[in-house]
1. On full extension of the chain, what length is gained from residue 143 through residue 120, given 0.36 nm per residue of separation minus the C-alpha to C-alpha distance?
2. Could you give the distance between the Cα centres of the range 226-255 and the range 352-411, to the whole Å?
3. Can you divide the C-alpha Rg of the chain by 2.2 N^0.38 Å and report the result to two decimal places?
4. How much FRET efficiency would the formula 1/(1 + (r/R0)^6) give for residue 89 and residue 421, where r is the Cβ-Cβ distance and R0 is 41 Å, rounded to 0.05?
5. Can you give the angle from 0 to 90° between the axis of helix 378-388 and the longest principal axis of the chain, with both taken from C-alpha atoms, to the nearest 10?
6. Along Cα→Cβ, 7 Å out, is where each label goes; now give me the distance between the ones at residue 239 and residue 305 in nm to one decimal.
7. Taking square-rooted eigenvalues a ≥ b ≥ c of the alpha carbon gyration tensor, is the range 115-204 rounded, prolate or oblate, where a/c under 1.5 means rounded and, failing that, a/b exceeding b/c means prolate?
8. Please give the length that would be gained between residue 166 and residue 154 if that part of the chain were fully extended, namely 0.36 nm times their separation in residues minus their C-alpha to C-alpha distance (nm, one decimal).
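Read the figures in this text as sums done on the coordinates, not as results from a lab. Being a predicted model, the structure only gives us computed values, none of them experimental. Cβ placement follows ideal geometry from the backbone for every residue including glycine, while neighbour counts extend to all protein chains displayed.
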Ligand code: ATP
Ligand code: MG
């Protein structure tokens, strides 16, 4: 009996979480973007009801927007779990102590801190990243070579007091990041894992629909390798400038473009094309940068104490949502790749019969369907379908029902065809 109630409960909850009717959601589309929203991603995502701006660089994610973020997270999570990473969730409030040991609590060293006072006295920070706390945390769990290697990641809100925050969700003062940290006994092992992450990132951006626009890029900031690597997605409003050769086998950030680097990489300036891009990920071989000052050590096979090798690997989850939104949008609105779209179908019923059959279809395909069941004109619904940008619009009307069909329109190509209801 209890088991049955439990199972029914799960079904109900599932139905409640996943189904979405336009008439029931509090979200409304807007004809105009708010005046203070100058970035295209911010303007479109606001108009289409995905996000709500609180203030510069600070956004809320509404039901549709949250689904996009969750879809991006799921893809990242699946690919990281495949290479053996373990997920955690660390705190945002930061004890200054470990940061003081690396010199990074100082506002002179790191100029984007948000800090706050404890009512009992003393200062805390709001985490802009997590190298220090994860290193400190793992001192309690790593003691022997048998505990290594170890790969730990999280999805978490980061706080950065960014000077310029007018690029919509591309640059937030509060934003969602995936940060992964790896721990090793040797440089070789760090190199091995770094290469695995490079491949996993390739698969992630491929699955997100931006594989052919995203390039691993030589950038500054390497610790014992000369470079760090960024993942840059070509984007007209991107803040970074990248240079690449024709087949894009060599891509470098402008910040490292100099004669020495060109020689290193075996390319000449004339062969490189310039473009703008947005940094969606960044990977570093940290070596001992944090493990040394924080004292993260282990005992090796010969009983000698050694310092742990580290790497760190970021992805801007909320920035990615903005990049994808901005990159694929057309003059009618958003155009989501299927893998990140909040729903696959935008369902519209026209006329009494059309609406009745649409209801039936919706009852069977709730998880994939956003049902525009509002009492408004078809033209208005079609305009919102284009703005919201789901991969397919499905229209059921007397005309289509005469053929036992629905009209399926591909948002990206604009192509329409009749499809038998039984085949959907
Ligand atoms: P940027 O040069 O754009 O400021 P960063 O080098 O400071 O980025 P990291 O500290 O490496 O970035 O953070 C990892 C990832 O988080 C970045 O690759 C980027 O995609 C994302 N990110 C960084 N800052 C922001 C921000 N203010 N808003 C949204 N995403 C961000
Ligand atoms: Mg930055």
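1. 4.8 nm
2. 41
3. It is 1.12.
4. 0.40
5. 10
6. Distance between the two pseudo-spin positions: 4.1 nm.
7. Here the range 115-204 falls in the oblate category.
8. Taking residue 166 through residue 154 to full extension adds about 1.7 nm, to one decimal.
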